[in-house]
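Only one structure is covered here, and it is reproduced in the block below.
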């Protein structure tokens, strides 16, 4: 009977202590952190996109999609046809906070998750978490979303374009550009 009482008292106390320790670790640890002075250097640019894309804007992310310690988004559009490409980059205090946030962001962001098609087969070799899905909402359009976590960074890349103006190889080239930027950050 004494053992049962101790378990009833110390079990919840141990659970609370573990929760406090986990919160402290996630909020205060810099384990897995990569300091970055200029987050813009990690964004794609005109050279990463196929010919015919034009820069639209670059802004800090605000509102309901404002995550991380630092964040930024860049947007491009097709010059003469329908289409857009956007990259969102989130920098977190540490890799634990980024890992936790990855699942939360994946559930909250309007990512392609239904009616997916096999458009491209690519997986980052350096991202710890990787999600890539494409859909064809009509016979002329392809939409692809990629959500990835690289240590303490989360990157969302989204593109919508007329499918006869864009190839899987072009998408792979853009995703490889993102990987190269992240690899360069981790090397330095």
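Structure summary
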{"read-out": "Relative packing of 73-86, 118-131, which averages over residues the other C-beta atoms within 10 Å, highest first", "value": "73-86, 118-131"}
{"read-out": "With 5 Å bins from 0: P(r) over the stretch 53-110, alpha-carbon pairs, percent", "value": "4, 17, 23, 21, 15, 10, 7, 2, 1"}
{"read-out": "The stretch 114-188: projected area of the alpha-carbon convex hull, averaged over directions, in nm²", "value": "5.0 nm²"}
{"read-out": "Mean projected area in nm² (Cα convex hull; one quarter of hull surface) for the stretch 34-187", "value": "8.7 nm²"}
{"read-out": "Gain upon complete extension [residue 162, residue 118; 0.36 nm per residue less C-alpha separation]", "value": "14.2 nm"}
{"read-out": "Segment residue 140-residue 170, extension gain: residue separation times 0.36 nm, minus the distance between their alpha carbons", "value": "9.1 nm"}
{"read-out": "Extension gain, residue 128 back to residue 184 (0.36 nm per residue minus Cα-Cα distance, nm)", "value": "18.6 nm"}
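Each reported figure results from applying straightforward, stated rules to the coordinates on display, with no laboratory input. No experiment lies behind these values; they were computed from the predicted model shown. Every residue, glycine as well, gets a Cβ built from its backbone with ideal geometry; the counts of neighbours run over all protein chains shown.
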